[in-house]
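Remarks on the structure that follows.
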């Protein structure tokens, strides 16, 4: 009986700890003008318990990046025939600075068929360019990279 | 529903994407007349970009044949080779038709 009560107390204490300090669910922003590519990426993160938002055009991307909520931004490099991702990020940073928006330090993953040396983001204290994922990526490789990325966030 | 699709040798759709397959194929089918119109007007840049996406997503969604046709079409559009573009668009139509039939057989659409 004593043991049972002790265990119950332990479980309740543990539950209280979990309630008081819930693990924060990471916010993932996927920026891609190709809906099928975006949904594929969404299917990598969502089952792992992430909040996922998608931006399908440069304006939506700029608005969502400058909201400062994303922990990870997966950024397709060429958003349409005229706009590259570095331009979108530069505009979003300008908005963050202008309005002093509270924000997380976002990790940006660039995603493109270009190789890493061709992809340069503007410098900013608002994010780190954490990695470049070169297309095409087979699902097992994409899964490994996604899990590795989330482990750096403590997920 | 959909399990057979994931298990065939020809198709290898990841389980997490099974619910998206119908929409994915439908979007490719609706692109086809647009691509044909672009080919008629020598709008190769649009064809190249669309074919690039087809090549990238075909493999990701478990349709390697679609990816291969997309790569060929992208190369033909890049070379502005009207005849090859037409041939590859026919191939794309054929592959999409086969996939569609398989989706109907397996109850995915």
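Stretched out straight at 0.36 nm per residue, the stretch from residue A:60 to residue A:123 would grow longer than its current Cα-Cα span by 20.5 nm. For the residues of B:49-55, the average number of beta carbons from a partner chain within 10 Å of their own beta carbon is 3. Each of A:153, B:18 has some number of other Cβ atoms within 10 Å of its Cβ, and from fewest to most they run A:153, B:18. Mean sequence separation of contacting Cα pairs (under 8 Å, at least six apart), scaled by the length of region B:3-105, corresponds to a relative contact order of 28 percent. Send over the Kirkwood Rh of region A:22-152, from the inverse of the averaged 1/r over different Cα pairs, rounded to one decimal Å. This gives a value of 14.7 Å. Taking the Cα atoms of region B:3-105, the ratio Rg/Rh between the radius of gyration and the Kirkwood radius comes to 0.99. Put in order of Cβ neighbour count within 10 Å, fewest first, the listed residues A:52, A:25, A:155 become A:25, A:155, A:52.
With each run of n ≥ 4 DSSP H residues scored as -39500 (n - 2.57), what mean residue ellipticity at 222 nm is computed for the protein assembly as shown after dividing by its residue count and rounding to the nearest 500 deg cm²/dmol? Show your work: numbers first, answer last.
Working: 10 runs with 148 residues, N = 264.
Dividing the helical sum by the residues of the protein assembly as shown leaves -18500 deg cm²/dmol.
Note on region A:27-74: Rg/Rh from Cα positions, Kirkwood definition for Rh, rounded to two decimals, is 0.94. Round to the nearest 0.05 the FRET efficiency obtained for residue B:90 and residue B:27 when R0 = 22 Å and r is the Cβ-Cβ distance. Efficiency computed from Cβ-Cβ geometry: 0.70.
Pulled fully out, how much extra length does the chain show between residue A:155 and residue A:97, if you take 0.36 nm times their separation in residues and subtract their Cα-Cα distance?
On the way: separation 58, 0.36 × 58 = 20.88 nm, distance 2.92 nm.
Length difference between fully extended and current span is 18.0 nm.
Working from label points 7 Å from Cα in the Cα-to-Cβ sense, the residue A:90 to residue B:37 distance is 3.4 nm. Computed from the C-beta positions of residue B:97 and residue A:115, the FRET efficiency with R₀ = 35 Å rounds to 0.45. Per q in 0.14 Å⁻¹, report the Debye log10 I(q)/I(0) for the protein assembly as shown, using one uniform scatterer on each alpha carbon and no solvent. For the requested q values the scattering log ratios are -1.01.
Each reported figure results from applying straightforward, stated rules to the coordinates on display, with no laboratory input. The shown structure was predicted, so the numbers you read here are calculated from the model rather than taken from an experiment. We place every Cβ from the backbone using ideal geometry, glycine too, and count neighbours over all the protein chains shown.
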